[in-house]
Amino acid sequence: MTTTTTDPTTRQRPRQRVCILGATGSVGTSTLDVLGRHPERFEVFALTAYSRMDDLLKQCLQGRPRFAAVPTESQARTLREQIKAAGLRTEVLSGAQALCDLAAHPEVDSVMAAIVGAAGLPPCLAAAHSGKRLMLANKEALVVGGALFMNAVSAGGATLLPIDSEHSAIFQCLPEDRARWPGRIDHILLTSSGGPFRRRDPATMASITPDEACAHPNFAMGRKISVDSATMMNKALEVIEARWLFDLTPEQIRVVIHPQQIVHSMVVCRDNSVLAQLGTPDMRVPIAYGLSFPERIESGASQLDFTTLGALSFEAPDFARYPGLALAWQTLQAPMGSTAVLNAANEAAVAAFLERRIRFDQIHTVIARTLDAVLPGGDACDSLDALLALDAHARSSAEQTAKALAT
Ligand SMILES: NC(=O)c1ccc[n+]([C@@H]2O[C@H](COP(=O)([O-])OP(=O)(O)OC[C@H]3O[C@@H](n4cnc5c(N)ncnc54)[C@H](OP(=O)(O)O)[C@@H]3O)[C@@H](O)[C@H]2O)c1
């Protein structure tokens, strides 16, 4: 007998229909793992992918979703044939609009936003406007969307649940009822592993290869977030994400290096009591919490053994080693839209680094020069179109800098 049959919270509940945007990525596959543990509770309704078509086909064969979406019609045609040959009835859609349509589909209850980069913003906004349970791993969408994103969440009546382990930790330390949040928090402490180069000789940073940068000490993640972890731009994006998720001032957000990644983040309350959330570093924990909130379900993660854990250490971040980190607070205090410029420049710089067009230490140069060159106008954040135009402008400026550095 399984525990689920005796759990009164799962009895006679309609299954939650889940759309996973970015199903073939690291967060997407972990989400499917959690869903697969609870077939009585969740239905895989839609899966989307960008380039890993074989993986998407396998996921369709296993999860039997109602819909799948891919970028181009030619990819869709191939997938349709394979799906038909396998006797499945999954409908295959193509194009960027398909992502928005699926995220807003009337039969979808929950959307896992696990696309990497600003490309995830339009479907996230569609899910927010349609009042979905929106599980946000795609931090870039919130970094770019900012107030527009949060307004869409409240206007649409969506439930926004953080999936980044740090933000999930903060969320778990706060009362379930958001109305009780204001006035509680003195500041939050976002923890960071410090990435793979925490102890590396700064004189050798220029020779870091993409594979070295992608070898994260505790997590196997997508290549973009892995490079972001190595530069600590990931933490910079998380600082901006926290500003919006928890309605904090930039001064209320601090970062502490914690290499073991057991404490996933902390809230320092008004009375100086500190609340922390701990666990093994496994993304299935925040994913399971996002899927089951306000309940808890089995995630597949192993339990912490405090008798073998050893010492937990904490230290201040070295802003000279990670020059991109300070840009979080700087752009939050700059004109609205600066965080979107920061994100676009970072995405372009990381892509250039992964394609070996620029060096690791030049990622920061590209970002800093783009921020100097692209100044958002007063209406840059008024609409999705305005934000996408700003994003495109910053990307093209960053590309020019990357090209100039490469020559
Ligand atoms: N990995 C983690 O542990 C972790 C933890 C916290 C937060 N996050 C955040 O979660 C997001 C996803 O991270 P990840 O590590 O899962 O990344 P990933 O492994 O690179 O997966 C990204 C997913 O997005 C799809 N995709 C890529 N570019 C796209 C585009 N232009 N349009 C539509 N879909 C696109 C990919 O499709 P294909 O694979 O088919 O190309 C893949 O399914 C990021 O924002 C990251 O910061 C990740």
| field | Any pair with Cβ under 9 angstrom, 6 or more apart, that starts in the stretch 305-327 at a residue that is at positive phi and ends at one that is open to solvent by 50 Å² or more (accessible area, probe 1.4 Å) | value | G310/Q260
| Members of the stretch 51-64 that are assigned to a helix (DSSP H, G or I) and either at positive phi or loosely packed, with under 15 Cβ neighbours inside 10 Å (or both) | D54, K58, L61, Q62
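Go through the residues of the stretch 395-404 one by one and say whether even a single one is farther than 30 Å from L32 by Cβ, open to solvent by less than 50 Å² (accessible area, probe 1.4 Å), not in a loop (DSSP other than H, G, I, E, B) and not polar (S, T, N, Q).
yes
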| said: For the stretch 347-370, check the following and say yes or no: at least one residue is open to solvent by 60 Å² or more (accessible area, probe 1.4 Å), assigned to a helix (DSSP H, G or I), modelled with pLDDT of 95 or more and out of contact with any Lys or Arg (no Cβ under 7 Å at 6 or more places or on another chain). | reply: yes
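Hey, could you check the stretch 180-199 for residues that are open to solvent by 50 Å² or more (accessible area, probe 1.4 Å) and not in a strand (DSSP E or B) and say which is farthest from A242 (Cα to Cα)? Spell out how you get there, then give the answer.
As a first pass, look at the stretch 180-199 and keep what is open to solvent by 50 Å² or more (accessible area, probe 1.4 Å): 180, 182-184, 186, 198-199.
After this cut, where a residue has to be not in a strand (DSSP E or B) as well, the list is 180, 182-184, 198-199.
Details: R180: 17, P182: 14, G183: 16, R184: 15, R198: 23, R199: 27 Å.
Here the answer is R199.
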| When residues of the stretch 83-118 are filtered for being out of contact with any Cys (no Cβ under 7 Å at 6 or more places or on another chain), assigned to a loop (DSSP other than H, G, I, E, B) and of a type in the set (V, I, T), how many remain? | 2
| query | Which of the residues belonging to the stretch 65-75 are surrounded by 14 or more Cβ atoms within 10 Å (Cβ to Cβ) and not in a strand (DSSP E or B)? | reply | P65, R66, P71, Q75
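Mind listing whichever residues of the stretch 95-118 are open to solvent by 40 Å² or more (accessible area, probe 1.4 Å), more than 10 Å from the ligand (Cβ to nearest atom) and within 17 Å of P71 (Cβ to Cβ)?
Step one: filter the stretch 95-118 for residues open to solvent by 40 Å² or more (accessible area, probe 1.4 Å), giving 96-97, 101, 106-107, 109, 116.
Next cut, more than 10 Å from the ligand (Cβ to nearest atom) only: 97, 101, 106-107, 109.
Q97, D101 - these are the residues of the stretch 95-118 that are open to solvent by 40 Å² or more (accessible area, probe 1.4 Å), more than 10 Å from the ligand (Cβ to nearest atom) and within 17 Å of P71 (Cβ to Cβ).
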| Just one of T90, T78, T48 is β-branched (V, I, T) and open to solvent by 70 Å² or more (accessible area, probe 1.4 Å); which is it? | T78
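Tell me, please, whether a residue that is touching a residue at least 40 places away in the same chain (Cβ under 8 Å), touching a helix residue (DSSP H, G or I) at 6+ places or on another chain (Cβ under 9 Å) and assigned to a loop (DSSP other than H, G, I, E, B) can be found in the stretch 332-339.
yes
For the stretch 11-44, what are the residues that are within 16 Å of the ligand (Cβ to nearest atom) and among the hydrophobic types (A, V, I, L, M, F, W, C)? Spell out the reasoning first.
From the stretch 11-44, those within 16 Å of the ligand (Cβ to nearest atom) are 18-35, 44; that's our starting set.
Answer for the stretch 11-44, where residues must be within 16 Å of the ligand (Cβ to nearest atom) and among the hydrophobic types (A, V, I, L, M, F, W, C): V18, C19, I20, L21, A23, V27, L32, V34, L35, V44.
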| request: Exactly one condition in (1) within 15 Å of the ligand (Cβ to nearest atom); (2) surrounded by 17 or more Cβ atoms within 10 Å (Cβ to Cβ); (3) among the small types (G, A, S) is not met by A158; state its number. | output: (1)
| task | Determine, yes or no, whether L121 is within 14 Å of the ligand (Cβ to nearest atom) and part of a helix (DSSP H, G or I). | result | yes
| note | Counting only residues in the stretch 161-191 that are acidic (D, E) and touching a residue at least 60 places away in the same chain (Cβ under 8 Å), the one farthest from the ligand (Cβ to nearest atom) is identified as D186
| remark: Residue pairs qualifying under the 8 Å Cβ cut-off, at least six apart or on distinct chains, with the first in the stretch 362-376 being in contact (Cβ under 8 Å) with a residue 60 or more places away in the chain and the second being open to solvent by less than 30 Å² (accessible area, probe 1.4 Å) and among the β-branched types (V, I, T), are I363/V227; I363/T231; I363/V350; H364/T231
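The values are calculated or read from the model by the stated rules, or taken from the named source; none is laboratory data. Predicted model, so just to flag it, every value in this text is computed and none were measured. Please note: Cβ atoms are built from the backbone with ideal geometry, for glycine as well, and neighbour counts cover all protein chains shown. What goes into the accessible areas is simple: the full protein's heavy atoms, side chains included, and nothing from ligands, DNA or RNA. Shrake-Rupley method; radii C 1.70, N 1.55, O 1.52, S 1.80 Å.
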